[in-house]
1. Kirkwood hydrodynamic radius (Cα pairs, Å) of the stretch B:3-229?
2. How many angstrom lie between the C-alpha centres of the stretch B:22-52 and the stretch B:97-118?
3. With only Lys, Arg, Asp and Glu charged, each at its Cβ (+1 for the first two, -1 for the last two), find how big the charge dipole of chain A is about the Cα centre; round to the nearest 20 debye.
4. Report A:ILE209's accessible area, 1.4 Å probe, all protein chains in place, as a number in Å² to the nearest 10.
5. Using the Karplus curve 6.51 cos²θ - 1.76 cosθ + 1.60 with θ = phi - 60°, work out ³J(HN,Hα) for each residue of the stretch A:139-148 in order, rounded to whole Hz, and write x for Gly and Pro.
6. Can you tell me the Rg and Dmax of the stretch A:72-173, counting just the alpha carbons, in angstroms?
7. For the protein assembly as shown, go through all pairs of different Cα atoms, get the mean of 1/r, take its inverse, and jot down that Kirkwood value in Å.
8. Run the Debye formula on the Cα coordinates of the stretch A:124-204, all scatterers equal and no solvent, and tell me log10 I(q)/I(0) at q = 0.20 1/Å.
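The values are calculated or read from the model by the stated rules, or taken from the named source; none is laboratory data. Just so it is clear, the model here is predicted, and its values are computed rather than measured. All Cβ positions, even for glycine, are placed from backbone atoms using ideal geometry, and neighbour counts span all protein chains on display. Remember, those area values only see protein heavy atoms, side chains included, never the ligands or the DNA or RNA. Shrake-Rupley method; radii C 1.70, N 1.55, O 1.52, S 1.80 Å.
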Amino acid sequence: MLRKLFKYEFKSTARLMLMIYAIMAAVTVLGCIAMASSAMQSDDSPVREFFVILAMVSYVLGIFALFIVTYVYMCVHFYRTMYSDRGYLTHTLPVSHHSILNVKLLVSLFWMLCSILLLLLSVFALIAAASRGAVFQMDFSYFLSEFYRTSGMHFGALILYLLVAIILSCLLYLLMVFTSASIGQLFSQHKVAASVIAGVVLYFAEQIISTIIMVASGYVMLMNDISADTSAVSAVSEFSDIFTMLLTPTIIYSVILSVIYYVVCYRITKKHINLE
Amino acid sequence: MSTLLECRELTKNFGDKTAVDHINLCIESGHIIGLLGPNGSGKTTLIKMINGLLTPSSGTLYFKENPIGVESKKHISYLPDHTYLNMNERVSDIIDFFTDFYEDFDKARAYDMLEKLSISPSDRLKTMSKGTKEKVQLILVMSRRADLYVLDEPIAGVDPAARDYILNVILTNYEPSASILISTHLIADIENILDEVIFIQNGQIRLSSSVDDIRAAEGKSVDTLFREVFKC
């Protein structure tokens, strides 16, 4: 049954997501053309500069909008298939609430990560176009050894850390919205408005709690120390420690909060479903 | 004959309003039961609890001696009182969906009924009229070989000419051991197919009896009795 749920969840979301990615690819191609033409021309005519700036602004806005659309679409899709008319079908399928929630969460996470991956590829393509392919000739082994020498951290470890942090952030913000929608559906009237308000409340509560934790854990003091120390060499040499010190609590915090959101969302779906 | 569904002191509150008020009900296999009552009497709320779409405030609800859950959903075929399918999908896609999820879904039966009603499986739901959408939903629900069919207002949105066909679909597509619970206020149209009726008012059962007993004891049709009981 889980396989079937995945199949239909992908099927019902793929159409719009592939359209979004096609637009993303088109915007990237336009950005690359603008960059490449700018790099090839030596004159600095105001018209060319205007065109390049316009293309870049459009590119940044376009890519940003597409990423937001991915997130918003996942949230709307969840609400529609769980708590509006289509929820009648979802909740009368002979599958457990866990399966439904897990599949929706994992498929949404998959599309979010795909969007991030495509965003990175798009930026890389732009850099490649601007450097006229010079980026491909870069000495990566030299870069890696230099990175390790100056930061005291392996580049692979940095990427792994960031990857875990990105996945957990996506998971956290998806679960936050799923929980908001689940809270909103408990109301007899104005369920969508109640979901939005619940989302805003959860977001601000989360921001307040994370600020308190940051202050309590000495993060703010650490940041002040770094700003006070003007020596770049000193800051770089501490990069590894600072990075680990910042990301580790963030990762732990995301895991704890995600678990709380998941449990709340699951309990509401199982015990307090309210498709009036 | 075995007990399919049993409610004990089943109650559902929405804030300070009680939609279903301590209902005790037992549905045996092999019956067609009319769940009759005026608007706002609690029919749809009761049906939604049977299908796990609303959680009871108190009381118990059992299907074949098990609480409502994955097992009950395998054996209850539910028709909501409004469209609940993805309007962008083709009928054939939805049939594939039902085939995948419901082991008791009879694909051949669904295509046969579609053909008889001249509905093209390749049409998307959003291109259909309201009545045709309701027919498609009914076909999907009645193509399952379920133990209990729960139909919420199955004939409310279709023209009188199509009602006879729909009632015929209902009558000819359920197993003799299965039961059908039909909620409606169009009593005259379905009276002839009912074995039993449950009158519900203000969330409480006002009357539960076989149609034959009503006719014998009261000397009147269910429709006439309903109009008398619920006279405004």
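1. Details: mean 1/r = 0.0553 Å⁻¹.
Taking every pair of different Cα atoms in the stretch B:3-229, averaging 1/r and inverting gives 18.1 Å.
2. 26 Å
3. 1600 debye
4. Answer for A:ILE209: close to 80 Å² accessible.
5. Once rounded to whole Hz, the list reads 7, 6, 5, 5, 4, 5, 5, 5, 4, 5.
6. Final numbers for Rg and Dmax: 20.4, 59 Å.
7. Taking the inverse mean of 1/r over all distinct Cα pairs, the protein assembly as shown comes out at 27.1 Å.
8. -0.91
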